[in-house]
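The values are calculated or read from the model by the stated rules, or taken from the named source; none is laboratory data. Since the model is a prediction, treat every value here as computed from it, not as a measurement. Quick reminder, even Gly has a Cβ in these numbers, built from the backbone with ideal geometry, and neighbours come from all protein chains shown.
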Amino acid sequence: MNKHVKPFLQGSVIMACLFSATHVHADLNRVMALINDPSQAPEIRRCQGKANCNAFVAISKEWQVIPKGDPLRYFIYSNDMQGLIHEGQGKNLKNQRLREIDELPFYLFDQSAENPNDYWLYLKGLVVLQYIERTQPDFK
């Protein structure tokens with residue numbers, strides 16, 4: 001029996017690794033879909049039913065769309081909002097749609113942050129929005 005259990009367990013571990021790797025993968029198409037239609041984002045209690053806020057939280061979880069080596073990733077890794085602002089990139093979104101998505105989360109997760117995780121969530125979301133604005137010039 002032991003010779004049948006070992007291959008089964010190994011196969012299960014491999015399947016679990018493959019599933020988790022595909023489940024965690026960040027997707028630029030998903031981010032763009034959330035920006036274009038925030039109502040498809042899962043509802044977050046703290047967002048009080050506001051679709052743009054829900055979309056912002058979902059977008060912040062997709063921060064890995066930013067390629068390794070991109071300078072914006074530094075601000076996420078170091079949790080450095082002040083550095084982001086100092087570099088002139090802070091809340092400097094030019095696209096109206098992105099500013100609308102950022103509006104309520106700024107107050108909920110930055111100005112009224114309940115804990116450091118709120119602050120980090122806001123930083124990740126803001127950095128992803130900046131990345132989208134910089135890399136998707138045709139985005140309206």
- request: Go over the candidates Ile101, Ile66, Ile85, Ile132 one by one and state the one that is farther than 24 Å from Ser39 by Cβ and touching a residue at least 60 places away in the same chain (Cβ under 8 Å).
  value: Ile66
query: For the stretch 40-56, what are the residues that are within 18 Å of Leu129 (Cβ to Cβ), over 15 Å from the mean Cα position of the chain (by Cα) and small (Gly, Ala, Ser)?
result: Ala51
- prompt: For Asn29, are the conditions met, namely being surrounded by fewer than 13 Cβ atoms within 10 Å (Cβ to Cβ), within 14 Å of Leu129 (Cβ to Cβ) and at pLDDT 90 or above?
  reply: no
message: Can you confirm whether Tyr77 is of a type outside the set (Val, Ile, Thr), farther than 20 Å from Asn29 by Cα and touching a Ser or Thr at 6+ places or on another chain (Cβ under 8 Å)?
response: no
field: Out of Ser39, Ser78, Ser60, sole residue that is touching a Lys or Arg at 6+ places or on another chain (Cβ under 7 Å) and of a type in the set (Gly, Ala, Ser)
entry: Ser60
- prompt: Of these, Asp110, Asp138, which one is among the acidic types (Asp, Glu) and in contact with a helix residue (DSSP H, G or I) (Cβ under 7 Å, 6 or more places away or on another chain)?
  reply: Asp110
query: Within the stretch 114-135, can one find any residue that is part of a loop (DSSP other than H, G, I, E, B) and either in contact with a helix residue (DSSP H, G or I) (Cβ under 8 Å, 6 or more places away or on another chain) or surrounded by 16 or more Cβ atoms within 10 Å (Cβ to Cβ) (or both)?
result: no
task: Being within 12 Å of Leu108 (Cα to Cα) and out of contact with any Asp or Glu (no Cβ under 8 Å at 6 or more places or on another chain) is the filter here, so list the residues in the stretch 52-66 that pass it.
output: Cys53, Val57
field: Residue list for the stretch 104-113, filter: touching a residue at least 60 places away in the same chain (Cβ under 8 Å) and loosely packed, with under 15 Cβ neighbours inside 10 Å
entry: none
